[in-house]
C-alpha cells in the first residue's frame, strides 16, 4: 500500500514509449493564437528529472515550445517573493469553478480575481511585477534563467505579437479590473508584459529543470540556489493543485494526483514533492484547454508508480 | 527542507494546549439548524491518531458532536464502492467556486452537481444509496460502524428532525435536480436519508479513528479491514483536497496543506496520507462556514510539523 | 400619422383568414406538461371584442383551451385588490431578462421574484391568495367568473394533475423562496392552488371578454362591474407590457406594441386601452415559449390597424 | 375613466411649482464622471411641449446640462435609419434585467447586447455609426441639430475627456464584444465617439423639442421634417418603454406609464404619443441611477393628467 521506495524510471519510460502509440488523440490545437497553429500537432515530448539528478526523456523532449500559462507559476513565484502576504489582498487562492477567462466571477467579486492562474489573476501578478521591477521584461527573463542556471530561455516575440492582435478578452479583463482599482499601471504596458510572459519557450528538459525547485522545498538541487522559502513552495504547490488546470483541476487531481500547471501550447508541468518534476508536451488540447495526450500520459505514470501525493 | 522523520506529537499537543488559549475566536455558531445552537460554543477538542496507533488528545475530545457534512465523505466512500466509475456520470469532481448550496451552477450545468461534497452532490449520493441499499438508514450506519469497528456511532434524530423543518434550500436543490432527471427516488425519502446522514455524532477520537483508512490506502490499520481500494482512497483524498471546505478549499490547502472535510457542527477531519488522521472540534464558524479555531489549530500543527502534502 | 379613427374590423378579419393560411408554423407544442400534448397542434382561433361590444371571431374561437400563464394576470388583479401597494414588498415589477423559471435571479435577489408573471412571482401571488381567501380554489374561480359574468369558466383537474406530477422546477422555486421567508403557507397547498390556477380553460371569445376590463379602466363595459381601479388597471397593463412574454417582452412590444400575456397552452391575450381586447390561440410555440402563429397574427393586426400604443 | 380630453397644462405647472418644493430629495449626484460633480445638485428644470406647439416651463429649464445616455436614443434613431432591420443582428430589443453596464449577460449571450440603451448596446450603435458616417462626430451632431432645427446643440469636450479618463468599464465592454466579433472598428475610435455622444448638452426646452418627433409619428411638427418612419417611431418608443431606465424600467412604466429615457446627468425625456414630449432635469440620482426628483415629478404629472399610455 505504500509507494514503492524504488521506482524504475527507465522501465517506466520504455512503457511510456509504447503507451503513447496507443492513445487515440482526439484533441485539437488551440486556434485563438494564430501562431500556435503553425506547430506540428503530432509532436510529443516528455522529460522527468529527480531531485538527485536522474533524468529520463522521450520523444521531442529537446524541442522548444511555447509554455504559455505555465509561466504564470514563475511570475507568481517572483511576485510572492516581492510582495509577501500582501499579494493576497489583490488576488485570491480559490479555484475558479468556471472557464478560464470568465468575466462573471470577476465582476461579482469586485475586480479581485479568484487565483493567480486564471488570466485575470495573472494580469494582476503582471501589474505587480511591472510596478516592482526596474526593467520588467528583462528582469523577469533573467529571474527565469537564474532559477535553472539556463541562459538559453527566451521570449518569442512572434508569439507575443500574435497574441496581442487577438487579445481582446484579456483587454476586457484588465480594463474591468482597472475600473475596480485593482490595476496600478498603464494597461498597454501590463498587457505587453503579459503577452511576453506567455510567449516564453522551453524544451521539456528545460521545463522540468526549471520547476525542480518546487519539488525540493524552494531550492534548485542542481545549483543549491534558493528560489523561495519552503513555506512559499508548499503554498505555490497547493495553488497549482487547486487551480492549475482551469476548470479541470479536480479531474487532474483525481486522476494524476500531483500539483501541476498546463498551458495552451500543449505543455504540462507536474511536481512530486521530495521526488521529481516532470514536463510533457503534446499540442492537441481537450475541451477544457489542457493537453489531451499529456494528461493521459501523466495519469499512466502516476498510476504505474503510485506516485500521487494523496 | 525535508519533513522531520520523527514528529514529537506529545510535545506538539502540549504546545497546542497553550496555542488554543491565545486564539481570539471571532466565529459564530451555525444558526440555521436550531438544534445546533444548543451546543456550548466554547467546546474545543482534538484527537490525532497515527497509522501505527499512537493517539494524542486534548480538550473535549471524548464528547460527541454532530459531524454534519463530514459524513458526506463516508457516503461518497460507500457509493463509490457500489457504483464504481459510473458514479461520475451523475456528479462531478470539480471545485464549486461558489457558496455551498448555490443553485446557480446547478442550473447552468443541467442538474449535475460539481462535486459530492456540495449539498446538491451529497443529495445525489444519497439518492444512489437509497436505490442501492435494502434498508438505507440502517445499512449505512452499519457501514460507518464497521469501518472503525465502533458500534457506538449513531444518528441523532433530534438534529435530523430540526434540519428537516428548515431544509427548504435542500428541498429546492433536490427538486431542481429531479426536474433534470438526476434524482431517481421519491424526494421525501432521499431528504430523510440525507438529514439523518448529516446527524451522525462522533467524538474527536471516534472521528479520527473512523477516517484513518484514508491515511492507510483504504485499510483500517487497527483492524486490517479493507474499506476501499488504494486507488479510490487517493481519489477520495483528492476530492477532499479540492472540495472539502466549500468556498475555502484553496485557503485550507494553502494554509493547512492536507486533504480534509469540515462540517457546520464545527468539526474538521484532515488526513496525512501514510501518517495520521486528525479530528478537531470547535463550534464557532468563520464566514465561509468552517470552524474558525479548528482551521487555526490545524494551520499551527502543519506549520509546526511541516506536514503539508505539498 | 394618426391611427385611423375608424377601423374596419370585419375587413381585417377577412384578411386574417387569408393571412393565417400563409404562415408556415415552425413552432412546437409544449411538451413538459403531458396533457397539453393531447391538443391538436393545428387549432387556430381568434376573437376581438371592443369596449362598445363589437365582436369579431375566426377559426376555433369557441373551443376551450388551457389558458395557463394568462391566468396569472387574473391572480395578480385579485391580489392587488386585496394587498394594495403592500404587494410590492414581496414581488417586483421589473422584467426578468432571463428564461421564465430561472432560479439564478431569485437567489441573487434573496427570494423576491422580479415580477408577478414569472413562475416564482406567480407562486408568491398564489401564496397571498391562499392566505387571504377563505376557500382559495373556489373563491378564485368565482372571482374569475364574476369578471365576465360567465359561470362556464372552470379549472381542468386533469391538466392540474398532469402539471403536479412534473412540476419539480416549480417545487424548487417555492422551496427556495420559503428558505428566504417569502412563502407563508404550506408548500403543497400553494402548489396545488398554482397548478389549478394554470389549468383554467376558456375559449378565445371568453378570454377576450374576461380581459376587456383592462381596456376600459378596470370596469367590464358589458356589465358595468368594477373589477379594479383605473390606476391599478394602468399598472397591470404596464406590467403586462414589460413582463408578459417571458424573455420576449421586448420583441412583443416592438412588433405588436400592446400590453399582453401569453401561456404555454398557445393562448395570447392583448389589450388596446380604450379600444379592445383580443385573444388568439394556436398551440405551437416558438423557442421562447410563446405561440408562434399567435404572435405573427397579432403583429399583422396591429401593423394593419396601426393600433400600437406607442 | 377616459383621460381628460383637455389638459390644463398651465394649472398643472403651477401645481408642479409647489409640488417640487415638498419633495425631500434623497438622491446623490453621479460621482464616477468627475466633471458631473461640478454641477449644482439643486438645479431643477422642466419643459413640456405639445405637438400643437404649446410650451410650458418651470425652473432652470433654459440651462444646458449633460444629457448623457439620453443621446443613445438619437444614436439609435440614426443607426436604425441607416441599417434598417439588419440592426437587430447586432443588438437585441429585450430588457436587460441587471445593472446598466454588467458584463455577465454580454458574456452569456456571446457579445450581443440585450438592447441599444445599455452601455454595451450603445457601443455597438456607435460602432455602426463610425462605419457608416463619413465624419462621425461632425455628421452626428449635424443630425441632432437638424431634428429640432437647433444649431446651438453641441458636445462638451470637457465632459467627454473626463469620461474617457475613467471609462475602464466601457473599455472592458467593447473589448469583450470585439473578442466576439461584434465590433468592426478600432476600439479607441469607437470609444471616442461614444464619450462625445454622451457629452451632448441641451436645456430642458431644447431636449423636449428635440424629442417631439417621437410623439408625432417620426415627424417634427414644428418643421415638418421627417426624422424616421411612423413604424420605426413606434419601435423606438417601445424600446424606451422596456429599456429606457436601466434596471428600473418596470418601476417607471408602472408609475409614470410613458416611454422615456434617463441619463446620469439627471435628465429624463418622456413621450406621450400623439400628445407631448416632456424633459425634466434634476441632478441627484436614486440608487438605480435615475433622477430621483425627475421620476417623482413625472409620476405626479401623469397621475394628475391620467396621461399614461396604459
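The values are calculated or read from the model by the stated rules, or taken from the named source; none is laboratory data. For clarity, every value in this text was computed on a predicted model and none was experimentally measured. Note that each Cβ is placed from the backbone with ideal geometry, even for glycine, and that neighbours are counted across all protein chains shown.
Select from segment B:43-88 the residues that are out of contact with any strand residue (DSSP E or B) (no Cβ under 9 Å at 6 or more places or on another chain) and outside any helix (DSSP H, G or I) and list them in ascending order.
Matches in segment B:43-88: B:52, B:53.
The rows are residues; the columns are (1) free of Cβ contacts under 8 Å to residues at least 60 places away in the same chain; (2) on the phi < 0 side of the Ramachandran plot.
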{"site": "D:197", "(1), (2)": "no, yes"}
{"site": "D:211", "(1), (2)": "no, yes"}
{"site": "D:224", "(1), (2)": "yes, no"}
{"site": "D:231", "(1), (2)": "yes, yes"}
{"site": "D:246", "(1), (2)": "no, no"}
{"site": "D:249", "(1), (2)": "no, yes"}
{"site": "D:256", "(1), (2)": "yes, yes"}
{"site": "D:271", "(1), (2)": "no, yes"}
{"site": "D:284", "(1), (2)": "no, yes"}
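Checking residue C:161 against (1) part of a helix (DSSP H, G or I); (2) more than 21 Å from residue C:78 (Cβ to Cβ); (3) in contact with a helix residue (DSSP H, G or I) (Cβ under 7 Å, 6 or more places away or on another chain), which single condition isn't satisfied?
Going through the list (1) part of a helix (DSSP H, G or I); (2) more than 21 Å from residue C:78 (Cβ to Cβ); (3) in contact with a helix residue (DSSP H, G or I) (Cβ under 7 Å, 6 or more places away or on another chain), residue C:161 breaks only (3).
Mind listing whichever residues of segment A:14-31 are loosely packed, with under 13 Cβ neighbours inside 10 Å and part of a loop (DSSP other than H, G, I, E, B)?
A:24, A:26, A:31
Can you tell which of C:306, C:275, C:296 is touching a residue at least 40 places away in the same chain (Cβ under 8 Å), at the interface with chain D (Cβ under 9 Å from one of its Cβ atoms) and either closer than 25 Å to residue D:230 by Cα or surrounded by fewer than 24 Cβ atoms within 10 Å (Cβ to Cβ) (or both)? Give the steps one after another, and end with the answer.
Working: C:275 fails: at the interface with chain D (Cβ under 9 Å from one of its Cβ atoms); C:296 fails: at the interface with chain D (Cβ under 9 Å from one of its Cβ atoms).
Residue meeting the stated conditions: C:306.
Looking at segment D:100-116, can you tell me whether even one residue there is on the phi > 0 side of the Ramachandran plot and within 14 Å of another protein chain (Cβ to nearest Cβ)? Break it down into steps so the answer makes sense when it comes.
Taking segment D:100-116 and keeping what is on the phi > 0 side of the Ramachandran plot, we get D:110-111.
Okay, now just the ones that are also within 14 Å of another protein chain (Cβ to nearest Cβ), so D:110-111.
The answer is yes; a qualifying residue exists.
Got a sec? Which helices (runs of 4 or more DSSP H) wholly within segment D:181-249 have at least 1 residues that are more than 10 Å from every other protein chain (Cβ to nearest Cβ), out of contact with any helix residue (DSSP H, G or I) (no Cβ under 9 Å at 6 or more places or on another chain) and crowded, with 21+ Cβ neighbours inside 10 Å? Walk me through it before giving the result.
Numbers: elements: D:187-198, D:204-210, D:230-243.
The qualifying helices (runs of 4 or more DSSP H) are D:204-210.
Here are the criteria: (1) assigned to a loop (DSSP other than H, G, I, E, B); (2) under 18 Å from the mean Cα position of the chain (by Cα); (3) away from chain A (no Cβ under 14 Å). Tell me which single one residue B:122 does not satisfy.
With respect to (1) assigned to a loop (DSSP other than H, G, I, E, B); (2) under 18 Å from the mean Cα position of the chain (by Cα); (3) away from chain A (no Cβ under 14 Å), residue B:122 is out only on (1).
List the number of the failed condition for residue B:156; all other conditions in (1) at negative phi; (2) in contact with a helix residue (DSSP H, G or I) (Cβ under 7 Å, 6 or more places away or on another chain) hold.
Only one criterion is unmet by residue B:156, namely (2).
Give segment C:250-271 a look and list any residue that's surrounded by 24 or more Cβ atoms within 10 Å (Cβ to Cβ) and within 14 Å of another protein chain (Cβ to nearest Cβ), or say none.
Listed by number, the residues that qualify are C:250, C:252, C:253, C:254, C:256, C:257, C:258, C:259, C:260, C:261, C:270, C:271.
Those residues that are within 14 Å of chain A (Cβ to nearest Cβ) and crowded, with 24+ Cβ neighbours inside 10 Å, I need them from segment B:278-293; list them, please.
Hit for segment B:278-293 is B:290, nothing else.
Looking only at segment D:55-62, decide whether some residue is within 26 Å of residue D:305 (Cα to Cα), within 14 Å of chain C (Cβ to nearest Cβ), in contact (Cβ under 8 Å) with a residue 40 or more places away in the chain and over 17 Å from the mean Cα position of the chain (by Cα). Explain how you work it out, then say what you get.
Let us first name the residues in segment D:55-62 that are within 26 Å of residue D:305 (Cα to Cα), namely D:55-62.
Remaining after also requiring within 14 Å of chain C (Cβ to nearest Cβ): none.
No; the residues of segment D:55-62 include none that is within 26 Å of residue D:305 (Cα to Cα), within 14 Å of chain C (Cβ to nearest Cβ), in contact (Cβ under 8 Å) with a residue 40 or more places away in the chain and over 17 Å from the mean Cα position of the chain (by Cα).
Residue under question is residue D:156, and the condition is that it be in contact with a strand residue (DSSP E or B) (Cβ under 7 Å, 6 or more places away or on another chain), surrounded by fewer than 21 Cβ atoms within 10 Å (Cβ to Cβ) and either within 27 Å of residue D:37 (Cα to Cα) or touching a residue at least 24 places away in the same chain (Cβ under 8 Å) (or both); does it hold? Give the steps one after another, and end with the answer.
Working: in contact with a strand residue (DSSP E or B) (Cβ under 7 Å, 6 or more places away or on another chain): yes; surrounded by fewer than 21 Cβ atoms within 10 Å (Cβ to Cβ): yes; either within 27 Å of residue D:37 (Cα to Cα) or touching a residue at least 24 places away in the same chain (Cβ under 8 Å) (or both): yes.
Yes; evaluated as a whole, the condition is true for this residue.
Taking residue D:177, is it under 29 Å from residue D:234 (Cβ atoms), out of contact with any helix residue (DSSP H, G or I) (no Cβ under 9 Å at 6 or more places or on another chain) and assigned to a helix (DSSP H, G or I)?
Details: under 29 Å from residue D:234 (Cβ atoms): yes; out of contact with any helix residue (DSSP H, G or I) (no Cβ under 9 Å at 6 or more places or on another chain): no; assigned to a helix (DSSP H, G or I): yes.
Against the criterion (under 29 Å from residue D:234 (Cβ atoms), out of contact with any helix residue (DSSP H, G or I) (no Cβ under 9 Å at 6 or more places or on another chain) and assigned to a helix (DSSP H, G or I)), residue D:177 does not qualify.
Looking only at segment C:169-180, how many residues end up being facing chain B (nearest Cβ under 7 Å), within 13 Å of residue B:103 (Cα to Cα) and more than 22 Å from the chain's Cα centre (by Cα)?
First pass over segment C:169-180, keeping only residues facing chain B (nearest Cβ under 7 Å): C:169, C:171-172, C:175-176, C:178-179.
Next, only the ones that are within 13 Å of residue B:103 (Cα to Cα) stay: C:169, C:172, C:175-176, C:179.
Filter once more, so that each one left must be more than 22 Å from the chain's Cα centre (by Cα): C:172, C:175-176, C:179.
Residues in segment C:169-180 being facing chain B (nearest Cβ under 7 Å), within 13 Å of residue B:103 (Cα to Cα) and more than 22 Å from the chain's Cα centre (by Cα): 4 in total.
Checking residue D:40 against (1) closer than 25 Å to residue D:219 by Cα; (2) part of a loop (DSSP other than H, G, I, E, B); (3) touching a residue at least 24 places away in the same chain (Cβ under 8 Å): exactly one of these is not met. Which one?
All conditions pass for residue D:40, except number (1).
Residue C:97 is checked against (1) at pLDDT 95 or above; (2) within 14 Å of chain D (Cβ to nearest Cβ) and fails just one. What number does that condition carry?
With respect to (1) at pLDDT 95 or above; (2) within 14 Å of chain D (Cβ to nearest Cβ), residue C:97 is out only on (1).
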